Amino acid sequence: MTTDKLLDATDQCVKCGLCLPHCPTYRLSRVEAESPRGRISLVQGLVSGVLSPSARLDGHLASCLECRACESVCPSLVGVGSIMDQVYAQRTLTLPPWRRQLRLGWLKSLGSPRLMRAAQRLGALYRLVGGARLARRLGLSRLPLVNAYARLAEGLQPPPRWEPQGAEGAEVALFLGCSSEVTQAGALEAAAQVLGRLGIPMVRPGWQGCCGAMLRHNGFPREADQRLQRNAAALGDKVLVGVASACVAELRAHPGLAQAAELCAYLDAVSWPNGLNLSPLSADVLVHEPCSHRNQLGGNGAVHRLLARIPALRVAALPDNALCCGAAGTYLLQHPDTALALLEPKLAHLNRLRPSFLVTTNPGCALHLAAGAREAGLPIEVCHPVELIARQLPPLGVR
Ligand code: SF4
Ligand code: SF4
């Protein structure tokens, strides 16, 4: 987007302020510059040259979660997420080359399936040697950044055990991206199981890579487009089904991948064999709705409809789902204190309602919420909704 187009996009804002009570960072700080309207004014000042760049100004822009809660209530349809992406891209270009390369290297490492598998093994070792206890004793857990990485690595899972490629000639391909195999291993196994029982042949293509969302939301649109293009070239001929709502939202930005489906929406839309009845489960489940699912994919009604197939399951939405949990892609690593402050009200709801399960469709949210529940001593399993569906499938041969 050129500077003129960026200014045009911000000019759509009529400064009505209707978005302010819906913005998580404004609700925390009550500072105008931490609100959508305030950030748009800062972008206008910066891009038009009225304001000079400063660390303080950059800080207000960078603290946006890109949750897009403001977009869903804005009467002028201001695309705050896209405006923030564009301004980050412009600000990134002004960084000294070594800082730009450092940031790019960090983002690429987070988007590398190989490095994510190594992180999973480190996390397992950390658990095995009681790393959390040791870090507390050494005072390391008080360092927000160390704490943020450690609590996430602890939640990573060993990659799923499944048939390597799946059915020959299948039309449905499961999207793994960079990290699903270690952040959502259970969801992938469950997806394969449920699709199999519905008689839908599925393939796991040999080449898969990061969708590019982390790069796009951190000021590297060219590199993000390259990731999307590679995925489109490798997977564009299949119906792509993803277990991570944020990745599906990003994939849809490419015209060749516009049909990418979120797993629950896909399973809700296909017909189920007559007589395939799920076993009852008498338990309480709360449904968390990630911002990407709510504000970019049109909401998670399909999750509720799928879970309603399990007899005796008591399903309700986690209160205040419209407010971001603080995970927000890489945000929880870049702003760990804000991420924890936004998690607090979620944990208060969980503590009050004490469900057996909390289900969510985005891996970053799942890791963040699970770490919070673990630290608060809440015996709640955080998983993908389709994991519950898979567990309640009747044994093979039984209808
Ligand atoms: S972003 Fe939308 S809701 Fe917020 S102040 Fe501007 S026009 Fe109003
Ligand atoms: S995207 Fe989220 S954090 Fe950013 S301004 Fe909008 S509501 Fe606030």
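The values are calculated or read from the model by the stated rules, or taken from the named source; none is laboratory data. Here the structure is a predicted model, which means the values were calculated and not measured. As a convention, Cβ positions derive from the backbone with ideal geometry for all residues, glycine included, and neighbour counts pool all protein chains shown. Remember, those area values only see protein heavy atoms, side chains included, never the ligands or the DNA or RNA. Shrake-Rupley method; radii C 1.70, N 1.55, O 1.52, S 1.80 Å.
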Count of segment 14-25 residues which are under 18 Å from residue 326 (Cα atoms), open to solvent by less than 40 Å² (accessible area, probe 1.4 Å) and free of Cβ contacts under 8 Å to residues at least 24 places away in the same chain: 1
Right, residue 69: open to solvent by less than 40 Å² (accessible area, probe 1.4 Å), within 11 Å of ligand 1 (Cβ to nearest atom) and within 26 Å of the chain's Cα centre (by Cα) or not? yes
Qualifying residues in segment 381-399 (those that are of a type outside the set (A, V, I, L, M, F, W, C) and more than 24 Å from residue 119 (Cβ to Cβ)) - the one most open to solvent (accessible area, probe 1.4 Å): 399
Restricted to segment 1-24 and to residues being β-branched (Val, Ile, Thr) and closer than 17 Å to residue 85 by Cβ, the residue nearest to ligand 2 (Cβ to nearest atom) is 10
With 53, 75 as the choices, which residue is within 16 Å of ligand 1 (Cβ to nearest atom), open to solvent by 30 Å² or more (accessible area, probe 1.4 Å) and over 30 Å from residue 376 (Cβ atoms)? 75
Could you list all residues from segment 202-223 that are within 23 Å of residue 366 (Cβ to Cβ) and at pLDDT 90 or above? 210, 211, 212, 213, 214, 215, 216, 217, 218
Of residues in segment 65-79 being part of a loop (DSSP other than H, G, I, E, B) and within 19 Å of residue 218 (Cα to Cα), the one farthest from ligand 2 (Cβ to nearest atom): 79
Picked from segment 26-41 (must be open to solvent by 30 Å² or more (accessible area, probe 1.4 Å) and among the aliphatic types (A, V, I, L, M)), the residue farthest from residue 87 (Cα to Cα) is 28
Listed by range, helices (runs of 4 or more DSSP H) wholly within segment 332-399 having at least 3 residues that are more than 25 Å from residue 34 (Cα to Cα) and within 22 Å of the chain's Cα centre (by Cα) are 363-375, 385-391
Give me the residue from segment 16-59 that is outside any helix (DSSP H, G or I) and polar (S, T, N, Q) and, out of that set, farthest from the chain's Cα centre (by Cα). 52
When you scan segment 255-266, how many residues do you find that are in a loop (DSSP other than H, G, I, E, B) and open to solvent by 30 Å² or more (accessible area, probe 1.4 Å)? 2
How many of the residues making up segment 340-380 are surrounded by fewer than 23 Cβ atoms within 10 Å (Cβ to Cβ) and of a type in the set (Ser, Thr, Tyr)? 1
